[in-house]
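The values are calculated or read from the model by the stated rules, or taken from the named source; none is laboratory data. If you're wondering where the values come from, they're calculated on a predicted model, not measured in any experiment. All Cβ positions, even for glycine, are placed from backbone atoms using ideal geometry, and neighbour counts span all protein chains on display.
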Amino acid sequence: MSNIKLLKEKASNVRKDIVQMICAAKSGHPGGSLSAADIVTALYFDEMNIDPANPKMEGRDRFVLSKGHAAPVIYAALAERGYFSKDLLGTLRQYGSILQGHPDMKKVPGVEISTGSLGQGLSVANGMALSAKISKEDFRTYVLMGDGELQEGQIWEAAMTAAHYKLDNICAFVDFNNLQIDGNVDKVMGVEPLDKKWEAFGWNVLKIDGHDMEAILDALAKAKECKGKPTVIIAETTKGKGVSFMENVCGFHGVAPTEEETAKAVAELEHVEKIEA
Amino acid sequence: MAKKATRTAYGEALVELGNLNKDVVVLDADLTKSTKTAMFQAEFPERHINVGIAEGDLMATAAGLATCGKIPFASTFAMFAAGRGFEQIRNTIAYPKLNVKIAPTHAGISVGEDGGSHQSIEDIALMRAIPGMVVLSPADATETKKMVHAAAEYNGPVYIRMGRLDVPVLFDEDYDFEIGPANTIKEGTDVTVAATGILVAEALTAAEKLAEEGISVRVINVGTIKPLDGNTILKAAQETKFIVTAEEHSVIGGLGSAVSEFLGETHPTLVKKIGIYDEFGQSGKGAELLEKYELTAEKIISVIKENL
């Protein structure tokens, strides 16, 4: 289980970077970045066949951050993985930075598609997966969507396309934290029952605790075994996960923590890391 | 004069491209017979993707294919490509400058019987406003084929606006097309008509009739609306008395706007715009509607005579 321990440590580093970079930027989206940190860590540090020294490596696996406002989580993971210097994290959202408010594939090594406008990432992932099928390549495409994002109709267009073309080389995640800008997802515009919806659209559906590293890895392995249909992993998460005063607080969807809050958050994350070690 | 629809030439060009380049893939949204991508589908079924009636999905799926090195041509009606798919084109294709060819058919009012809901008269304006988007508008079947090949060779987003109706074949196989330069297809010294799409044939007819009356009309075929060939337009503004633009599109944001914007800053010149004047189309035969909305050689003649 040393692998799990290492991944948890990486996730904790990713979380610290998220909080610190958003604090430095004085704007950004901490809540949904923190809720996705364990999933993204599992992908970048265990699951995906990628090479930070060669971001465009042929046959590499692809990751699409459909919920592009969680840019800090992918920036933190890419920097931690060595795609670019961690020093750049402090330039998030600043003029001249490669780290735009939402991910820009033209600027950031390792970002496979520019995102930000919600609802489009699954279609893009379908395009990547179709390309693999057409060219008989065996790379896999991963995509992370928000639960609020599922309110976009295009997600369901893409869900049909993926099932229709039997894109079993796609593994999608729903970061199910039940919060969006205006409040609880079930209050703003309910998306449940998610498992039944995805099943009805022809997908293999797995449901996990999105902060349980072993469960994430296990689900990823199961997704690979499923042939003939795409897999969606509905990951139950907590918005702001890992920072007590951000957890389940809608206000931290798109608001930066102060310096005091950031120091407190980093201390908390380090404390948890010590206990787990 | 032989007639052929630009969409038919598109279907044929796709098959040629499919044979030339295995990276060419074609996407459609349940209009394969109308857009003629069915021709490619018949030859290369494994490289044809029908996403169903889902134009947002169509555009973003094409973007995903392009990130993997494919050269996707995405087709539907112009209304639903530029209209329904605008934001996907803007953010997921053009913002990352992906190599996607947006190749709609059924542009303009000559769509005919389907009526105003299906007659795209704003698509040039929408596409032209997107940074870096190349906007092409073929005058006939020959130019369509050359444009499709040129678009495939160009690396970046391109919008190719094609039509439904059979239209005169104006050009021989040796007609040159490259992205950028406008083609002066008839020399003239009194006045210039800068036309695009099916209005190019009307401009030529008008020029021939006016020649009989001793009026010398230059005709420029603006196949590339963006980037606009400023040199050719400027030369025409300097060498002839005024410019008439003619297009099967709204006068707001189309070729007429592009020419006016350019000349306003470089060489203030009278630009008379022929196009749709801030109204929607309606059902009818294509030819009837072109008559009704005055997208004809007769209209070009009268505008020239009124202003000469």
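Within the range B:158-178, how many residues are closer than 18 Å to B:ALA195 by Cβ and either of a type in the set (A, V, I, L, M, F, W, C) or part of a strand (DSSP E or B) (or both)?
Final tally of qualifying residues: 9.
Considering each of B:ILE252, B:ILE220, B:ILE215 in turn, give the residue that is within 18 Å of the chain's Cα centre (by Cα), surrounded by fewer than 20 Cβ atoms within 10 Å (Cβ to Cβ) and among the hydrophobic types (A, V, I, L, M, F, W, C). Write out each step before concluding.
Values: B:ILE220 fails: surrounded by fewer than 20 Cβ atoms within 10 Å (Cβ to Cβ); B:ILE215 fails: within 18 Å of the chain's Cα centre (by Cα).
Selected residue: B:ILE252, the only one of B:ILE252, B:ILE220, B:ILE215 that is within 18 Å of the chain's Cα centre (by Cα), surrounded by fewer than 20 Cβ atoms within 10 Å (Cβ to Cβ) and among the hydrophobic types (A, V, I, L, M, F, W, C).
In the range B:96-117, how many residues are part of a loop (DSSP other than H, G, I, E, B) and either surrounded by fewer than 24 Cβ atoms within 10 Å (Cβ to Cβ) or within 14 Å of chain A (Cβ to nearest Cβ) (or both)? Can you show your working first?
To start, the set of residues in the range B:96-117 that are part of a loop (DSSP other than H, G, I, E, B) comprises B:96-100, B:103-104, B:106, B:108, B:112-115.
Then keep just the ones that are either surrounded by fewer than 24 Cβ atoms within 10 Å (Cβ to Cβ) or within 14 Å of chain A (Cβ to nearest Cβ) (or both); that gives B:96-100, B:112-115.
Counting residues in the range B:96-117 that are part of a loop (DSSP other than H, G, I, E, B) and either surrounded by fewer than 24 Cβ atoms within 10 Å (Cβ to Cβ) or within 14 Å of chain A (Cβ to nearest Cβ) (or both) gives 9.
How about the range B:1-46: which of its residues are among the charged types (D, E, K, R) and either under 20 Å from B:MET162 (Cβ atoms) or not assigned by TED's automatic domain parsing to the domain that holds B:SER110 (or both)?
B:LYS3, B:LYS4, B:ARG7, B:GLU12, B:GLU16, B:ASP28, B:ASP30, B:LYS33, B:LYS36, B:GLU43
Quick check, is B:GLU12 more than 14 Å from every other protein chain (Cβ to nearest Cβ) and closer than 20 Å to A:SER135 by Cβ?
The answer is no for B:GLU12.
When the residues of the range B:37-59 are narrowed to those that are hydrophobic (A, V, I, L, M, F, W, C) and in contact with a Leu (Cβ under 8 Å, 6 or more places away or on another chain), which ends up surrounded by the most Cβ atoms within 10 Å (Cβ to Cβ)?
By that ranking, first place goes to B:LEU58.
Among the residues of the range A:117-131, which ones are assigned to a loop (DSSP other than H, G, I, E, B) and either more than 7 Å from every other protein chain (Cβ to nearest Cβ) or crowded, with 24+ Cβ neighbours inside 10 Å (or both)?
Going through the range A:117-131, the residues assigned to a loop (DSSP other than H, G, I, E, B) turn out to be A:117-120.
Within the range A:117-131, A:LEU118, A:GLY119, A:GLN120 qualify.
Would you mind telling me which numbered condition in (1) touching a strand residue (DSSP E or B) at 6+ places or on another chain (Cβ under 7 Å); (2) facing another protein chain (nearest Cβ under 9 Å); (3) crowded, with 24+ Cβ neighbours inside 10 Å; (4) not basic (Lys, Arg) A:ILE134 fails?
Every condition holds for A:ILE134 apart from (3).
Of the numbered conditions (1) surrounded by fewer than 17 Cβ atoms within 10 Å (Cβ to Cβ); (2) in contact with a Pro (Cβ under 7 Å, 6 or more places away or on another chain); (3) farther than 30 Å from B:ALA62 by Cβ, B:LYS209 satisfies every one except a single condition; which is it?
(2)
Say we look at the range B:71-95 and pick out the residues that are outside any helix (DSSP H, G or I) and crowded, with 24+ Cβ neighbours inside 10 Å; which of these is farthest from the other protein chains (Cβ to nearest Cβ)?
B:PHE77
Look at the range A:240-271 and say how many of its residues are assigned to a helix (DSSP H, G or I), surrounded by 16 or more Cβ atoms within 10 Å (Cβ to Cβ) and hydrophobic (A, V, I, L, M, F, W, C).
Going through the range A:240-271 one residue at a time, the tally reaches 5.
Go through the range A:149-168 and give me each residue that's surrounded by 24 or more Cβ atoms within 10 Å (Cβ to Cβ) and small (Gly, Ala, Ser).
Those that are surrounded by 24 or more Cβ atoms within 10 Å (Cβ to Cβ) and small (Gly, Ala, Ser): A:ALA158, A:ALA159, A:ALA162.
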